[in-house]
1. Of all residues being more than 8 Å from chain B (Cβ to nearest Cβ) and more than 14 Å from B:Val56 (Cβ to Cβ) in the range A:33-48, which is most open to solvent (accessible area, probe 1.4 Å)? Just the residue, please.
2. When residues of the range B:68-98 are filtered for being farther than 22 Å from B:Ala58 by Cβ and open to solvent by 20 Å² or more (accessible area, probe 1.4 Å), how many remain?
3. Being under 20 Å from A:Ala132 (Cβ atoms) and open to solvent by 40 Å² or more (accessible area, probe 1.4 Å) narrows it down to one residue among A:Arg30, A:Arg91, A:Arg55, A:Arg51; which is it?
4. With respect to B:Arg89, determine if the residue is among the basic types (Lys, Arg) and closer than 19 Å to B:Val118 by Cβ.
5. Quick check: anything in the range A:3-10 in a strand (DSSP E or B), aliphatic (A, V, I, L, M), open to solvent by 20 Å² or more (accessible area, probe 1.4 Å) and closer than 30 Å to A:Leu107 by Cβ?
6. Which of the residues spanning the range B:84-123 are among the hydrophobic types (A, V, I, L, M, F, W, C), more than 14 Å from chain A (Cβ to nearest Cβ) and either without any contact (Cβ under 8 Å) to a residue 60 or more places away in the chain or under 19 Å from B:Arg16 (Cα atoms) (or both)?
7. Give me the pairs, please: first residue somewhere in the range B:40-69 and within 14 Å of chain A (Cβ to nearest Cβ), second residue anywhere and surrounded by fewer than 18 Cβ atoms within 10 Å (Cβ to Cβ) and among the basic types (Lys, Arg), beta-carbon distance under 7 Å, and either six or more positions apart or on two chains.
8. For residues that are open to solvent by 30 Å² or more (accessible area, probe 1.4 Å) and modelled with pLDDT of 95 or more, tally how many sit in the range A:73-88.
Amino acid sequence: MLVLNPRRVVFAGTEWPGVTLVAVDREATRVAVEWGDAGPHPTFADVTEQRVGVRVVIELGDEDVGSPVPGAAGTLSFHTSRSGSEGGRRRVSMSAVVTGVSHELSLKRGAVRTIDLVAVSADGAADPVTLADTGAE
Amino acid sequence: MSSFKGLDLFGSGPHRFSLGRQGQHVVPDYLLGLGGAGSTPQGLVELDVVVKGRLVSATESGLWALRDAEVAQLLDPPDPGLLADGRGREWTGMSFITWTEEPRVEKGRVWSVAYTAVFRRFE
């Protein structure tokens, strides 16, 4: 999932202004693959462990010493923004833990902060990412 | 379909058959009190057939039923039967002697657990 210029990005009750991108990546961290006696191709495959990683990119307009710290936990939520239209908006939310904060400075983009998080499921079975249609709310 | 005593124990998921070590059981002479660095053959080892695979079920309870069915065939004393690989190879007089599961039951799209089952033809 890739959301450009999401609206109202909030983590643990604190709004993060200037977010230009939120990327939600899904990675298989454990794959079970099995073969039988009949031939060279696997006859079974299943993803038995997976990880939802989130990358939030923020353009900083000024100095900022209040960045989140690795290990910080809370609910991350944001709204999709479809060409500025209010229709079809969706709210994305998840429990997440910060795993890294990094900064980059360039002439083209200015100061950019990247926050990496991992999404956490409530019970291990439920998808940690929830989507809700919000329409024009 | 592979089977043991006519039971489809492994058909829920992929599995492969292999043979255990075959040949002479050789014992160093010093263990026999004979001295020296030599060894003495004690005869041919018993035949082992090893089945490695994965039990697969759509539900946790279904997987438990499959696991219980395996363990139910571990008998004391052993009760030999016919083991068939489903591809034309059969071994008579085989006893189901050990059932070993991998440390974790896997839950992805389905419930599954990898295993190793060993059968032996006792002489």
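The values are calculated or read from the model by the stated rules, or taken from the named source; none is laboratory data. What you are looking at is a predicted structure, and each value in this text was computed from that prediction instead of being measured. So basically every Cβ, Gly included, is an ideal-geometry build from the backbone, and we count neighbours across all protein chains shown. These area figures cover heavy atoms from the full protein model, side chains too; ligands, DNA and RNA do not enter into them. Shrake-Rupley method; radii C 1.70, N 1.55, O 1.52, S 1.80 Å.
1. Checking each candidate, the answer is A:His41.
2. The total comes to 20.
3. The unique qualifying residue is A:Arg91.
4. Against the criterion (among the basic types (Lys, Arg) and closer than 19 Å to B:Val118 by Cβ), B:Arg89 qualifies.
5. Yes; the residues of the range A:3-10 include at least one that is in a strand (DSSP E or B), aliphatic (A, V, I, L, M), open to solvent by 20 Å² or more (accessible area, probe 1.4 Å) and closer than 30 Å to A:Leu107 by Cβ.
6. Passing the criteria: B:Trp91, B:Met94, B:Phe96, B:Ile97, B:Trp99, B:Ala117, B:Val118, B:Phe119.
7. B:Lys52/B:Arg16; B:Gly53/B:Arg16; B:Leu55/B:Arg67
8. 2
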